[in-house]
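The values are calculated or read from the model by the stated rules, or taken from the named source; none is laboratory data. Quantities reported herein were computed from a predicted structural model and do not represent experimental measurements. Cβ sites come from the backbone with ideal geometry, for glycine too, and all protein chains shown count toward neighbours.
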Amino acid sequence: MKFKQTTILLVAALSASGQALAAPYAYVPNERDGTVSVIDTATDQITHTLPSKGRLGKKIQGLALDSAAKTLFVVDAESGALKVVDVTSHKLLKNIPVGESPESINLSPDGNTMAVCLEEENAVAFVDIGSLKISHKVKIQGKNPEHCVYSQDGKWLLASNEESSDVDVLDVSTQKSVARIKSAGHPRGIGFMPDGKFAYIANEEANLTEVIDTSSWKAIKSIPTGLRANGIAVSPDGANVYVSNGGDGTVSVIETKSNTVAATIRVGKRPWNMALTPDGKKLYVANGRSDNISVIDTVTQQVVQTIAVGKLPWGVVIR
């Protein structure tokens, strides 16, 4: 009884002090402002802006957090650099030159490597998180890679190529592109199912989402979604895939059991990249032309909050 009471008091104390049970934060890169808005997902209020002074760049886009959620990585496409920001001090720690026109980035599942898509080089740069230096680059077969996404086991990296309308499949261990998936047109966002058996890829030009069988790297189904489909987010349980439609100002909800659109949710202007809270209960959608974030309750499938951020928000990362 004494142990139980002590445990309850400890949990209550930690909760009150914010050291445990704290809601994650959402980080939103404002492309035109060169800043990152930080949102407390418990209150849906902006707590602060990164960096504490100045700008991170003239055209910031992709971003990611390290596994400890202490370091933020932000792409500056204009300068061809990856900016490293301390989340606690709000200060820029390092500027890592990565190559020509970087856009999307993705942290490997083991937390050791950051993949950076280089649009003008037709390559992917891999940054070692420990040394904060480029370890190597891999040339791809396609042209103009925009989104780079690791599979859950870290064995594969998919790079969606806008200009060549295909997706490169990179074998991470051999550091080579081993397959090329032909898409319906202008592939953008990518999301793997939790078991890794399928991947969903938004196709902007074709206004649909393709389902890829990862055992063959072939498209097995096309699902019409909305005008200029671009962003993808997969629920933690794999039951739903969310697709942002930039031209329609909507988010399509795909039920993966039937691979059909179960709902369409209206958000802001030019919704782009998105992120779910770890429990999957809330979806945060960056509306580039509205300069705000739509917060969707994934149970009711309704927008429950709209949060004003900076100019031209590019996406969201939550941890």
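Condition check ((1) crowded, with 23+ Cβ neighbours inside 10 Å; (2) small (Gly, Ala, Ser)) across all residues:
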position	(1), (2)
SER165	no, yes
SER177	no, yes
LYS182	no, no
HIS186	no, no
LYS197	no, no
ASN203	yes, no
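Of all residues in segment 162-184, one or more are small (Gly, Ala, Ser), outside any strand (DSSP E or B) and either under 18 Å from ILE105 (Cβ atoms) or in contact (Cβ under 8 Å) with a residue 40 or more places away in the chain (or both). Filtering segment 73-85 down to residues that are touching a residue at least 24 places away in the same chain (Cβ under 8 Å) and over 15 Å from ALA125 (Cα atoms), which residue is surrounded by the most Cβ atoms within 10 Å (Cβ to Cβ)? Looking at residues that are touching a residue at least 24 places away in the same chain (Cβ under 8 Å) and over 15 Å from ALA125 (Cα atoms), I get VAL85. Residues that are under 19 Å from the mean Cα position of the chain (by Cα) and under 16 Å from ASP168 (Cβ atoms) within segment 181-201 comprise HIS186, PRO187, ARG188, GLY189, ILE190, PHE192, ALA199, ILE201, listed in sequence order.
Residues that are of a type in the set (Gly, Ala, Ser) and surrounded by 14 or more Cβ atoms within 10 Å (Cβ to Cβ) were ranked within segment 43-72; the one that is nearest to TYR25 (Cα to Cα) is ALA69. What are the residues in segment 82-118 that are under 21 Å from VAL149 (Cβ atoms), touching a Pro at 6+ places or on another chain (Cβ under 6 Å) and not β-branched (Val, Ile, Thr), if any? Across segment 82-118, the qualifying residues are CYS117, LEU118. The requirement of being closer than 27 Å to VAL169 by Cβ and free of Cβ contacts under 8 Å to residues at least 40 places away in the same chain is fulfilled somewhere in segment 86-96, by at least one residue. For segment 139-147, check the following and say yes or no: at least one residue is in a strand (DSSP E or B) and either on the phi > 0 side of the Ramachandran plot or of a type in the set (A, V, I, L, M) (or both). No, segment 139-147 has no match at all. Residues considered: PRO109, PRO102. Of these, the only one that is surrounded by fewer than 15 Cβ atoms within 10 Å (Cβ to Cβ), closer than 23 Å to LYS176 by Cα and in contact with a strand residue (DSSP E or B) (Cβ under 8 Å, 6 or more places away or on another chain) is PRO109.
Just checking, which of ASN230, ASN207 is on the phi < 0 side of the Ramachandran plot and of a type in the set (S, T, N, Q)? Sole residue among the options that is on the phi < 0 side of the Ramachandran plot and of a type in the set (S, T, N, Q): ASN230. Taking segment 152-172 on its own, how many of its residues are in contact with a Ser or Thr (Cβ under 7 Å, 6 or more places away or on another chain) and small (Gly, Ala, Ser)? So the answer is 2. Looking across segment 100-131 at every residue that is in a loop (DSSP other than H, G, I, E, B) and hydroxyl-bearing (Ser, Thr, Tyr), the one that is farthest from GLU163 (Cα to Cα) is identified as SER131.
Cβ separations smaller than 7 Å between residues 6+ apart or across chains give the following pairs from segment 36-56 residues that are closer than 19 Å to LEU283 by Cβ to residues that are part of a loop (DSSP other than H, G, I, E, B) and modelled with pLDDT under 95: ASP40/ALA23; THR41/ALA23; ALA42/ALA23.
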